[in-house]
Amino acid sequence: MAQERKNSGQNLEMQDKPDGGGCLSATDEEREPCLKASTDLSPVTDKNNGTVAAPPPSTDNNNGTSNGKFHAFAAATSLEQKLRDKTGFSRTGLAVAVAAILLCVVLLITVVVLLFMWPSPPRHFPVCRRAACLRASAEVLPKINFTQQPCENFREYSCGGWLQTNDLPAYMSSWSLKKRIQQDQKIKIRNMVVTLRNVASSTSLNWKMKHFYESCMNLDNIETDEGKPLKKIISTILGGWHVLKDFNVHEWDVTSTIVQLHSKYSVSPFFKIDVVPDDKVSGQNIIQISPAGLGLPDRRYYYRQQENKIVAAYKQYMVDVSQLLGATSGDASIFSNDMFHYEKRIAEITPASKQEDPFHSHRRFKLSKLKEIAGMIPLLDILQSKFPESNIGDDTFVSVVSPTYFSNLSNLISSSDRSGLNDYFMWKMAEAYVPYLSVKFREIVKIYTAELTGEKDLPPRWEICVSLLQKFMGFGITATLEPHIEKKADVVAVVKDVFENIKESIISNVNKNQDLGPELSDHVLNKLNSLTVQIGLPENMLQENYVNQFYSQLPIQKLDFFQNVNYAVSFIKDYSQIKLKSKKEEYGWLDDLVSEDPKVTYNVASNKVIVPLSLLSPPYFETGYPEALLYGGLGVEISSAILSSVYPPGVAHGTDGVLLQAHSAAVNRSIGATVEARSCFGQFLKDQQVDFVNNTVLTAMLSVSSVRFALQSLTKKTQTEPHYHQPAMESYEYDALFFIGYAQSLCTIKSPQQQDLDTMYNLMSDESLLLKTISEHSESFKSAFNCMGRPTKTCEYIY
């Protein structure tokens, strides 16, 4: 029995030794089979002396000497052995356990990363149920194209629905939200004028507006007169027209004709004359002369092929007008070709683009000095006739845009024959007044305009007449309508609040900017702190006595439309003389406030932001609109105007409108502050494969900054107010609504011709490029629409 227990104990000991000669347990052997040695490798006990001898080595036919047959696993490490002892796992089990642990770690890291990156679920806020909020959603939602992704094509996403449901009106070359506001304003003006009560006094503004409008609508008289009113002026006052064969080349007075065209008829052969704020003397205006006189809108048209549709249409237009006024077909054709080539000579000396640098865009000259530069231009005679009460003399200073142009123009005039000059002067006169003639003349205007801008038809007659009222009596119309604006005080309060919030945001950023330098920083802060806003007309200018006195020198006749146009042109000339003499601040910004095309602007001379009340109409503006939409639309416009005061070229002027010294520290620092940003935005535009000039880069910089500060102001304001969601737009937060409101304020349909024309002057007028520029330079945009996979362009801001 003792021997059996000994043998049994020995067998148990053998089972616990996997590396020995015995096998694993039956259970473990299924996972890791025991490899039997061909020869018994157990130690041999010498029965005689009790010593233990090592087993003899065995020989492997393939590998030489070995301790046994080939094993599937390498020898265990001490760490592995400890783990196996501790856990009871076999080698395979231990490997599976380690792999499982590693997989769990990877899954845990993945979950943590997703928690940080996964968009948070929308918080549930109350929905705005105000009528204005409902109207806002009803305006915004139909414009969106939900089949597009905002990160891929933001214009198509924001405006796609609107583009699909709106057509370009036949008599317009563009249609947009702003055009809709203008159209609504015209309807208000028409309703106001046609319902004016009969006023006995012909000196009142109401009488003048009513009878001017009625004379314009009285087509019977206009059709009866045909082209006679214009032809009478040309033949009897201006000395005749060479192409009409009523011109005596020896008797015709060149100087008298150009003087009358500029002073009496406000026609601008060769150059135009304006009254602008004097940037050398605070509170004073100055006469400015600048290049003009081309029949086509831009000099670049003259370098297109002769077969170009617009070039051909313009030449045919000259043929048609001259023939309707009495020229023969052959003479009209010769005149048209000669005139196009003469205007091309003017185009060749016309500056390529407007200078943005205020130190080089114009220069002040005494008329005596300008006479030495451009002796063939009778400027003194012209200005004395146009401003008879302003004591114009040789010592009078004028502002000259591109003195080189006037020097070259003088040479051009000296080399022109008298017949050619006569044809050019009379064509400028005809071109200006043909739209006021009978339907035969208006039809040829329509044909030419259709090729030039894409307008296929003439506007309704009432709309033409309202536009003329706005052109000649804009202040009077505005003064008549503004007192009847509903909740005017609330409108003004909302706009002032937006203005002050954005201005404060910009000031805060300037204060934090340590790179501007003390000179530029002090100058910018001084301008911003003194910046004010003018919303609509001041109360004193709304008084009936003030308005009637303003138009006291404007006579109007019943039913004589062409004569009334002449009276109105003469009145505008007298108004410019009043501006030149007067030091009243309002004359500097009044035209911007009453314009037919209302927009927010910055007035340098008074350091004011100008906001026309006619712009503040639904669907663009309403006092109860969600602030995200208000800041995205009007707020960005106001932000742009504020920044214009401290961006080039506005930053070069003091708070009084006077130009700083060219080499002052503030000017030099402002130039340096824009270098990197200009380069960066310029590279972006190059990457878009578009041609651009410096003012395009500046516009891009200003646009991105305007959006940035408007959004910054909105964010700050909404942090202290209850949070509401838009009805039917609960998934959109304020920042997304802001960008949608901004984009929809730009939604525009244009004819190809108008698109071509607009991009000649301002490449950023293409809203697709503008919105692409904004979206790719705004981290806030990418956050609002979860465009996290797309890199953000990082151009430096000036402030």
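Starting from residues that are open to solvent by 50 Å² or more (accessible area, probe 1.4 Å) and in a loop (DSSP other than H, G, I, E, B), keep the ones in segment 376-401 and report whichever is nearest to V254 (Cα to Cα). Among residues in segment 376-401 that are open to solvent by 50 Å² or more (accessible area, probe 1.4 Å) and in a loop (DSSP other than H, G, I, E, B), the one nearest to V254 (Cα to Cα) is M376.
Within segment 196-209, the set of residues being surrounded by fewer than 21 Cβ atoms within 10 Å (Cβ to Cβ) and within 22 Å of Q543 (Cβ to Cβ) comprises L196, R197, V199, A200, S201, S202, T203, S204, N206, W207. Kindly indicate whether K772 is open to solvent by 40 Å² or more (accessible area, probe 1.4 Å), touching a residue at least 40 places away in the same chain (Cβ under 8 Å) and under 30 Å from L520 (Cβ atoms). No.
Scanning segment 708-732 for residues that are open to solvent by less than 50 Å² (accessible area, probe 1.4 Å) and part of a loop (DSSP other than H, G, I, E, B) gives H723, P727, Y732.
Scanning segment 728-743 for residues that are hydroxyl-bearing (S, T, Y) and within 12 Å of the chain's Cα centre (by Cα) yields a single hit, Y742. Taken as a whole, the condition of being open to solvent by 20 Å² or more (accessible area, probe 1.4 Å) and among the charged types (D, E, K, R) does not apply to E482. Kindly indicate whether any position in segment 584-592 is touching a residue at least 12 places away in the same chain (Cβ under 8 Å), touching a helix residue (DSSP H, G or I) at 6+ places or on another chain (Cβ under 8 Å) and either closer than 30 Å to K793 by Cα or assigned to a loop (DSSP other than H, G, I, E, B) (or both). No, the conditions are met nowhere in segment 584-592. Among the residues of segment 284-319, those identified as buried (at least 16 other Cβ atoms within 10 Å of the Cβ) and aromatic (F, W, Y) are Y301, Y302, Y314, Y317.
Only a single criterion out of (1) assigned to a loop (DSSP other than H, G, I, E, B); (2) surrounded by fewer than 21 Cβ atoms within 10 Å (Cβ to Cβ); (3) out of contact with any Asp or Glu (no Cβ under 9 Å at 6 or more places or on another chain) is not satisfied by V646, namely (2). With the condition kept exactly as written, say whether any residue in segment 562-577 is open to solvent by 20 Å² or more (accessible area, probe 1.4 Å), of a type in the set (G, A, S) and farther than 23 Å from M209 by Cβ. No - not one qualifying residue is present in segment 562-577. Among the residues of segment 240-263, those that are open to solvent by 30 Å² or more (accessible area, probe 1.4 Å) and either touching a strand residue (DSSP E or B) at 6+ places or on another chain (Cβ under 8 Å) or modelled with pLDDT of 95 or more (or both) comprise H242, D253, V254, T255, S256, Q260.
Scanning segment 614-640 for residues that are open to solvent by less than 10 Å² (accessible area, probe 1.4 Å) and over 21 Å from C133 (Cα atoms) turns up I638, S639. Checked against the criterion of being open to solvent by 30 Å² or more (accessible area, probe 1.4 Å) and part of a loop (DSSP other than H, G, I, E, B), the candidates F116, F125 yield just one match: F125. Residues that are hydrophobic (A, V, I, L, M, F, W, C) and at pLDDT below 95 are absent from segment 156-165.
Selection within segment 657-698: residues that are more than 30 Å from K280 (Cβ to Cβ), at pLDDT below 80 and polar (S, T, N, Q). The member of this set that is surrounded by the most Cβ atoms within 10 Å (Cβ to Cβ) is Q688.
Screening segment 211-285 for helices (runs of 4 or more DSSP H) wholly inside it with 1 or more residues that are aliphatic (A, V, I, L, M), in contact (Cβ under 8 Å) with a residue 60 or more places away in the chain and in contact with a Pro (Cβ under 7 Å, 6 or more places away or on another chain) returns the ranges 254-263.
For segment 656-674, the count of residues that are part of a helix (DSSP H, G or I) and under 17 Å from the mean Cα position of the chain (by Cα) is zero. Within segment 490-508, being open to solvent by 30 Å² or more (accessible area, probe 1.4 Å) and not β-branched (V, I, T) holds for D490, A493, K496, D497, E500, N501, E504, S508.
Given S322, S361, which one is polar (S, T, N, Q), surrounded by 15 or more Cβ atoms within 10 Å (Cβ to Cβ) and part of a loop (DSSP other than H, G, I, E, B)? Matching residue, one of S322, S361: S361. May I ask you to list pairs of residues, at least six apart or on different chains, whose Cβ atoms are under 8 Å apart, with the first in segment 487-498 being without any contact (Cβ under 8 Å) to a residue 40 or more places away in the chain and the second being surrounded by 14 or more Cβ atoms within 10 Å (Cβ to Cβ) and among the small types (G, A, S)? Listed by first residue and then by second, the contacts come to nothing, as the list is empty. Condition check: surrounded by fewer than 19 Cβ atoms within 10 Å (Cβ to Cβ) and either closer than 14 Å to P649 by Cβ or at pLDDT 80 or above (or both). Does S705 satisfy that? When the stated conditions are applied, S705 does not pass them.
Of all residues in segment 264-281, exactly one satisfies the criterion of being of a type in the set (V, I, T) and surrounded by fewer than 17 Cβ atoms within 10 Å (Cβ to Cβ), namely V281. The residues in segment 509-532 that are hydroxyl-bearing (S, T, Y) and either touching a residue at least 24 places away in the same chain (Cβ under 8 Å) or open to solvent by 30 Å² or more (accessible area, probe 1.4 Å) (or both) can be counted, and the count is 2. For segment 533-565, filtering for residues that are out of contact with any Pro (no Cβ under 9 Å at 6 or more places or on another chain), in contact (Cβ under 8 Å) with a residue 40 or more places away in the chain, closer than 30 Å to E500 by Cβ and not in a helix (DSSP H, G or I) leaves 4.
Quick check on segment 216-239: of everything there that is under 44 Å from the mean Cα position of the chain (by Cα), hydrophobic (A, V, I, L, M, F, W, C) and open to solvent by 10 Å² or more (accessible area, probe 1.4 Å), which residue is nearest to K471 (Cα to Cα)? Step by step, filter segment 216-239, then rank; the result is M217.
Residues in segment 164-185 that are in a helix (DSSP H, G or I) and over 21 Å from F621 (Cα atoms): how many?
Just the residues of segment 164-185 that are in a helix (DSSP H, G or I), to begin with: 164-165, 177-185.
Subsequent filtering for residues that are over 21 Å from F621 (Cα atoms) retains 164-165.
Qualifying residue count, segment 164-185: 2.
Of all residue pairs spaced 6 or more apart or on separate chains, those with beta-carbon atoms under 6 Å, a first member in segment 653-667 that is farther than 19 Å from R363 by Cβ and a second member that is surrounded by fewer than 17 Cβ atoms within 10 Å (Cβ to Cβ) and not polar (S, T, N, Q) are A665/E519; A666/E519. Considered as a group, the residues in segment 744-769 that are in a helix (DSSP H, G or I) and closer than 18 Å to N145 by Cβ include one that is farthest from the chain's Cα centre (by Cα), and that residue is Q744. Going residue by residue through segment 582-589, is there one that turns out to be among the basic types (K, R), more than 21 Å from L219 (Cα to Cα), open to solvent by 20 Å² or more (accessible area, probe 1.4 Å) and in contact with a Ser or Thr (Cβ under 9 Å, 6 or more places away or on another chain)? No, because not a single residue in segment 582-589 is among the basic types (K, R), more than 21 Å from L219 (Cα to Cα), open to solvent by 20 Å² or more (accessible area, probe 1.4 Å) and in contact with a Ser or Thr (Cβ under 9 Å, 6 or more places away or on another chain).
The values are calculated or read from the model by the stated rules, or taken from the named source; none is laboratory data. In this text the structure is predicted, and so the values were computed from the model without any measurement. Quick reminder, even Gly has a Cβ in these numbers, built from the backbone with ideal geometry, and neighbours come from all protein chains shown. Heavy atoms of the whole protein, side chains included, go into the accessibility calculation; ligands, DNA and RNA do not. Shrake-Rupley method; radii C 1.70, N 1.55, O 1.52, S 1.80 Å.
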